Amino acid sequence: METLQVLGGRLRELRKEKKLKQRELAAFLDITEVHYRRVEAGKINIPTLTLCALADYYGVTTDYLLGRSDQRG
């Protein structure tokens, strides 16, 4: 599976575990909801600092988000 698709899938999974809406994450990242939807769909890349912010927000590693590891912490 492509890295962007893995990233999107893991972000979706983590968001749903916390019972958050896409618009809430978009607001946290200060991006549009449409832009965030594209991230979760694996259609666009995100900046490194955004990746780090999401990893910190969810308490997981960037390697987990990118599919380089299956261990969250």
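Rule-based calculations on the coordinates, nothing more; no lab input. Being a predicted model, the structure only gives us computed values, none of them experimental. Positions of Cβ are generated from backbone atoms using ideal geometry, with glycine treated the same way; all protein chains shown enter the neighbour counts.
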Longest to shortest principal axis, alpha-carbon extents of the chain, angstrom:
29, 23, 21
Length-normalised contact order of the chain in % [C-alpha pairs under 8 Å, at least 6 apart]:
36
Simple spin-label estimate for Arg23 and Gln71 in nanometres, 7 Å along Cα-Cβ
3.9
